[in-house]
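Structure, as structure tokens:
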Amino acid sequence: MKESVPGKIKSKRVYTGKVLSLDLDTVAFPDGSVGELEMIRHPGASAVVPFLSDPVGEDPQILLIRQYRYAADGYLYEIPAGRLNRGEAPHDCAARELKEETGCTADKLDHLLSFFTTPGFTDEKIHLFIATGLVAGETKHEADEFLDLEPMLLSRALQMVEAGEIVDAKTALGLMYAAGFRAGH
């Protein structure tokens, strides 16, 4: 069987909101068939694993946030993160979100990886960074952000991932990647 070139044939915008849009796409699949998919369009985001101490130290301290999330029906432990503004570079978004949510600025902000959150229905991509050399400052929370800062040892955060106490995917991935990054470098 000959494969066809997959891709979008046409798209109809069904909804446009503050955070995301919903499109109904007509798509050609690799086997030549055609179908419709609902696709959530998202501008992308940046997330930051902030280290309060030297990341190559014995058990470095990190800074998490404990944030109320309506969709999760309660509070979640998370790394600072937020949506990219139009035309904003992921690095700049990471620095901005770190400052807004924790009050900290970073001496060094290194890109770790970029990943799709749930590519079955959204094009959202998160760019993950590691922040070191933090300097404390004032936070600037948005009106719908209810959060507390939670400094802790990296080992404790990893235990929380293992115990199911950290269930936010970007946070779990960021913590495990940062821990592996430390071990491998």
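The values are calculated or read from the model by the stated rules, or taken from the named source; none is laboratory data. What you see is a predicted model; the values in this text were computed from it and never measured. All Cβ positions, even for glycine, are placed from backbone atoms using ideal geometry, and neighbour counts span all protein chains on display. Just the protein is used for accessible areas: all its heavy atoms, side chains included, with ligands, DNA and RNA removed. Shrake-Rupley method; radii C 1.70, N 1.55, O 1.52, S 1.80 Å.
Might you report the magnitude of the Cβ-based charge dipole of the chain about its Cα centre, with Lys and Arg at +1 and Asp and Glu at -1, to the nearest 20 debye?
Numbers: 19 positive and 29 negative charges, 137 e Å.
About 660 debye.
Using the Cα coordinates of the chain, the gyration tensor eigenvalues translate into equivalent-ellipsoid semi-axes of 34, 19, 16 Å, sorted from longest to shortest. Structural descriptor for the chain: relative contact order 22 percent, calculated from alpha carbon pairs under 8 angstrom and at least 6 residues apart. Our coupling estimate for region 62-78, obtained by passing each phi through the Karplus curve with A = 6.51, B = -1.76, C = 1.60 and θ = phi - 60°, is 10, 10, 9, 10, 10, 10, 6, 10, 4, 4, 8, 6, x, 8, 10, 7, 9 Hz, Gly and Pro reported as x. Label separation (ILE9 vs HIS111): 3.6 nm, computed from points 7 Å beyond Cα along the C-beta direction.
Summing -39500 (n - 2.57) over the DSSP H runs of n ≥ 4 in the chain and dividing by its residue number, what mean residue ellipticity at 222 nm do you reach, to the nearest 500 deg cm²/dmol?
On the way: 3 runs with 38 residues, N = 185.
Calculated at 222 nm, the ellipticity per residue is -6500 deg cm²/dmol.
Under a 1.4 Å probe, what is the accessible area of the chain per residue, stated in Å²?
Counting only protein heavy atoms, the per-residue value for the chain is 57 Å².
For region 1-73 versus region 130-169, the spacing of their alpha-carbon centroids is 21 Å.
Run through the DSSP bridge list for the chain and note the antiparallel percent, rounded to the nearest 5.
Taking every DSSP beta bridge within the chain, about 85 percent pair in antiparallel fashion.
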